[in-house]
1. Give me the mean projected area, in nm² to one decimal, of the convex hull enclosing the Cα positions of the range 87-158.
2. May I ask you to sort 21, 165, 118 by Cβ crowding, counting other Cβ atoms within 10 Å and putting the fewest first?
3. Taking only C-alpha pairs under 8 Å that are 6+ residues apart, what is the relative contact order of the range 76-156 in percent?
4. Considering Cα pairs under 8 angstrom that are at least six residues apart, work out the relative contact order of the chain and quote it in whole percent.
5. Taking 0.36 nm per intervening residue step and subtracting the Cα-Cα distance, what contour gain separates residue 99 from residue 127 on full extension?
6. Taking Cα extents along the principal axes in Å as the quantity of interest, determine which of (1) 51, 37, 24; (2) 55, 40, 25; (3) 67, 47, 35 was computed from the displayed structure.
7. At a threshold of 8 angstrom on Cα-Cα distance, excluding pairs fewer than six apart, so keeping six or more, what relative contact order does the range 10-63 reach in percent?
8. Pull out the extension gain between residue 13 and residue 84, defined as 0.36 nm times the separation in residues minus the alpha carbon to alpha carbon distance; nm, one decimal.
């Protein structure tokens, strides 16, 4: 795991304005962005390309509705493991590689990892839990089942406080 503090390289208010718009809707056209930000289409294109090259924009994905594929069961599973050198990276990667697991979080406290999984049936979930328990070093699991999902529209740029925005923009000036 990388403990180094990562900051966005060379961002300014215009970059943040572009990110706010494309994070909400990446299908927005260059023309619309250019008009909204009073920039040329080529300037917007150049900035987006630079944001991708610098790893600020990590990828372009489709937001596929899992319910359209019958993936209606969501489980939050706490995973407790044996603490040995390097366990967090190794076990975390093994958990991420399991089909059905959407997210893995390495945590502090009584629980070492939390996984978010999505499957179609109880049988698939039982199989997934069996595969989690089979990982060397996993001692125990405890799962909770999601009864209702609430849609969030929160984006990364929405989470930036004014202080955080200043840090991102000012760190680019150094």
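1. Working: hull surface 25.0 nm².
That works out to 6.3 nm².
2. Values: 21 17, 165 14, 118 21.
So the residues, fewest neighbours to most, are 165, 21, 118.
3. Details: 104 pairs, mean separation 32.7, N = 81.
Normalised by residue count, the contact order of the range 76-156 is 40 percent.
4. Details: 189 pairs, mean separation 49.2, N = 174.
Across the chain, relative contact order equals 28 percent.
5. Numbers: separation 28, 0.36 × 28 = 10.08 nm, distance 1.02 nm.
Length gained, residue 99 through residue 127: 9.1 nm.
6. (2)
7. Working: 25 pairs, mean separation 14.0, N = 54.
About 26 percent, as a whole number.
8. Numbers: separation 71, 0.36 × 71 = 25.56 nm, distance 4.45 nm.
Separation in residues times 0.36 nm, less the Cα-Cα distance, equals 21.1 nm.
Every number here is computed from the coordinates shown, using simple stated rules; none is lab data. Keep in mind it's a predicted model, so treat the numbers as computed, not measured. No Cβ is skipped: glycine too gets one built from the backbone with ideal geometry, and neighbour counts run over all protein chains shown.
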